[in-house]
1. Would you mind finding the one in GLY88, GLY114 that is at pLDDT below 95 and surrounded by fewer than 19 Cβ atoms within 10 Å (Cβ to Cβ)?
2. Considering only segment 45-83, state which residues are assigned to a loop (DSSP other than H, G, I, E, B) and surrounded by 11 or more Cβ atoms within 10 Å (Cβ to Cβ).
3. Consider ARG27 against the criteria (1) over 29 Å from GLY114 (Cα atoms); (2) basic (Lys, Arg); (3) in the same structural domain as GLY153 (by TED's automatic domain parsing): it satisfies all of them except one. Which criterion is unmet?
4. Give segment 151-164 a look and list any residue that's surrounded by 15 or more Cβ atoms within 10 Å (Cβ to Cβ) and modelled with pLDDT of 90 or more, or say none.
5. Can you tell me which of GLN112, GLN86 is polar (S, T, N, Q) and either free of Cβ contacts under 8 Å to residues at least 24 places away in the same chain or part of a strand (DSSP E or B) (or both)?
Amino acid sequence: MSRRNIIFPSFIIFSVLAIFTLVAQPREVGNLVIDGIPEIPARISERMNQYQNVRSASFLDWNPNGAGMLISTRFGETNQIHYVGQAGGSRQQITFFKEPARGGSYYPGPDQRGFLFSMDTGGAEFFQLYYFDLKTGQTALLTDGKSRNTGGGWSPDGKWIVFSSNLR
């Protein structure tokens, strides 16, 4: 084996390692130490936004009097509840919380007083049921505020709600 066959590959390997070391300097982000990983170029981070920040809409419930529906869509940082009055109509945001509002079940009476929905705090998944009064815009907590509560539906006459809980 010639000297050139040994020196040239060694030079290439050394050069690649030297460049990688220069590009991937250890750095700290908060309490995370990043070592041996090059910075992600800003153009890649910007391009990722179109894949990570998409919007969708989910059907929640029909208005009992036939005038529209509740949907859930992400507008801003969290999913919130919106009203759509007709096919192809614009949405009107109803809830404006820092946490995602989930579900949405209209009071079944003809006077459409309001709807049930659930929400947790800080992603802890201790969902609580709330009632949103459409006339006043006020929200009332219906569950204990401590246990996990899921479901949330009305009896046909609107006198009762049904949900599951881990309350002991």
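The values are calculated or read from the model by the stated rules, or taken from the named source; none is laboratory data. Since we're looking at a predicted model, the values are computed, not measured. Cβ coordinates were reconstructed from backbone atoms using ideal geometry, including for glycine residues, and neighbour counts include every protein chain displayed.
1. On the way: GLY114 fails: surrounded by fewer than 19 Cβ atoms within 10 Å (Cβ to Cβ).
Just a single option satisfies the conditions, and that option is GLY88.
2. Our first condition is that a residue be assigned to a loop (DSSP other than H, G, I, E, B); within segment 45-83, this holds for 53-56, 63-68, 75-78.
ASN63, PRO64, ASN65, ALA67, GLY68, PHE75, THR78 - these are the residues of segment 45-83 that are assigned to a loop (DSSP other than H, G, I, E, B) and surrounded by 11 or more Cβ atoms within 10 Å (Cβ to Cβ).
3. (3)
4. Listed by number, the residues that qualify are TRP154, ILE161, PHE163.
5. Exactly one of GLN112, GLN86 is polar (S, T, N, Q) and either free of Cβ contacts under 8 Å to residues at least 24 places away in the same chain or part of a strand (DSSP E or B) (or both), namely GLN86.
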